[in-house]
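Colleague: This is the structure I have questions about; it appears just below.
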Amino acid sequence: MDTTVHPVQAALEKAVDRLSEKNLSVALSALLVTHTSVLAAQSHPGIAPTYKRLDEVLNRHGTSVEEHFLSILFIDLISEVEIFLATLVKTVISKDPLKVGGFQLKLAEVLEAASDEELIARAAETYLHNVMFKKPMDYLSDISGVLSIDQRTVERAWPSYIEAKARRDLGVHNDWICNETYLRKIREAGISSDLAVGAKLRPTTKYVRELAGSIDEICSRLATSVHEKHVGT
């Protein structure tokens, strides 16, 4: 009996496990950060002094210890989702390179590639870089097309991910301050909002926990759909 694991299945399992670990870690860490603030308030000898010093520094910049750590966790989580999506695309493209269409690679990129696998990986990275700048539903449509899955599988939760990506960009580039770019991106995702330019959008514990649920839904459904299409039930 052949016990060899299908290469697509092996890649999927690894990608799902990695993202699940990150998602669960973020959800748990959000609770631990809240618990730490309680211990600090109770003057816990191992926590309170350092916590107080950090809190004083952060307060000068208009934030708190809890907000600071949640922000780091949140940015890390969105990066992990992007890695997950890239892994799915690279795995499917390695099986069918023509999926990415007819864009061109530089001659140097072709010559520098050590193998066909590396060349395919570069093609996947170029594709992902191009598609991520499209409008939210076009982004989903393109990804779904490459993966050969029905985009309706994740349409319900997709706007939550797009909003989170836009919020991450605010954190990295604009000190979590709402701007026109963020508002445009969420409008394109079909999200109505009464937020105004200048509002602070640091992630809260409630926000991060709810987002973790949406990300779990998106990624588990994508992984299941890719498995059914490319590995079989």
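The values are calculated or read from the model by the stated rules, or taken from the named source; none is laboratory data. Given the structure is predicted, the values throughout are model-derived calculations rather than measurements. Note: ideal-geometry Cβ built from the backbone for every residue, glycine included; neighbour counts use all protein chains shown.
Colleague: Quick check on this structure: which one of Glu163, Glu118, Glu180 is among the charged types (D, E, K, R) and under 17 Å from the mean Cα position of the chain (by Cα)?
Modeller: Working: Glu118 fails: under 17 Å from the mean Cα position of the chain (by Cα); Glu180 fails: under 17 Å from the mean Cα position of the chain (by Cα).
Going through Glu163, Glu118, Glu180 in turn, the sole match is Glu163.
Colleague: Here are the criteria: (1) under 15 Å from Val8 (Cβ atoms); (2) modelled with pLDDT of 80 or more; (3) in a helix (DSSP H, G or I). Tell me which single one Ile83 does not satisfy.
Modeller: (1)
Colleague: Picking from Leu77, Leu31, which residue would you name as being in contact (Cβ under 8 Å) with a residue 60 or more places away in the chain, assigned to a helix (DSSP H, G or I) and either crowded, with 16+ Cβ neighbours inside 10 Å or in contact with a strand residue (DSSP E or B) (Cβ under 8 Å, 6 or more places away or on another chain) (or both)? It would help to see each step written out before you state the result.
Modeller: Values: Leu31 fails: either crowded, with 16+ Cβ neighbours inside 10 Å or in contact with a strand residue (DSSP E or B) (Cβ under 8 Å, 6 or more places away or on another chain) (or both).
Result: Leu77 is the single residue among Leu77, Leu31 that is in contact (Cβ under 8 Å) with a residue 60 or more places away in the chain, assigned to a helix (DSSP H, G or I) and either crowded, with 16+ Cβ neighbours inside 10 Å or in contact with a strand residue (DSSP E or B) (Cβ under 8 Å, 6 or more places away or on another chain) (or both).
Colleague: In this structure, does Glu180 turn out to be at pLDDT 90 or above, within 28 Å of Ala30 (Cα to Cα) and not aliphatic (A, V, I, L, M)? Break it down into steps so the answer makes sense when it comes.
Modeller: Numbers: at pLDDT 90 or above: yes; within 28 Å of Ala30 (Cα to Cα): no; not aliphatic (A, V, I, L, M): yes.
In short, no.
Colleague: Can you say whether Ala15 is surrounded by 12 or more Cβ atoms within 10 Å (Cβ to Cβ), at pLDDT 85 or above and either in contact with a Leu (Cβ under 7 Å, 6 or more places away or on another chain) or over 26 Å from His173 (Cβ atoms) (or both), as far as the supplied structure shows? Even if it seems obvious, please write down each step before you answer.
Modeller: Numbers: surrounded by 12 or more Cβ atoms within 10 Å (Cβ to Cβ): yes; at pLDDT 85 or above: yes; either in contact with a Leu (Cβ under 7 Å, 6 or more places away or on another chain) or over 26 Å from His173 (Cβ atoms) (or both): yes.
Yes.
Colleague: Here is a follow-up. Can you confirm whether Val146 is over 16 Å from the mean Cα position of the chain (by Cα), crowded, with 19+ Cβ neighbours inside 10 Å, of a type outside the set (Lys, Arg) and under 23 Å from Lys90 (Cα atoms)?
Modeller: Details: over 16 Å from the mean Cα position of the chain (by Cα): yes; crowded, with 19+ Cβ neighbours inside 10 Å: yes; of a type outside the set (Lys, Arg): yes; under 23 Å from Lys90 (Cα atoms): yes.
Judged against the criteria, Val146 is a match.
Colleague: For segment 166-205, what are the residues that are closer than 22 Å to Leu140 by Cα, surrounded by fewer than 18 Cβ atoms within 10 Å (Cβ to Cβ) and either acidic (Asp, Glu) or in contact with a helix residue (DSSP H, G or I) (Cβ under 8 Å, 6 or more places away or on another chain) (or both)?
Modeller: Let us first name the residues in segment 166-205 that are closer than 22 Å to Leu140 by Cα, namely 166-170, 181-193.
Within this subset, residues satisfying the condition of being surrounded by fewer than 18 Cβ atoms within 10 Å (Cβ to Cβ) are 169, 181, 183-184, 187-188, 190-193.
Asp169, Thr181, Glu188, Gly190, Ile191, Ser193 - these are the residues of segment 166-205 that are closer than 22 Å to Leu140 by Cα, surrounded by fewer than 18 Cβ atoms within 10 Å (Cβ to Cβ) and either acidic (Asp, Glu) or in contact with a helix residue (DSSP H, G or I) (Cβ under 8 Å, 6 or more places away or on another chain) (or both).
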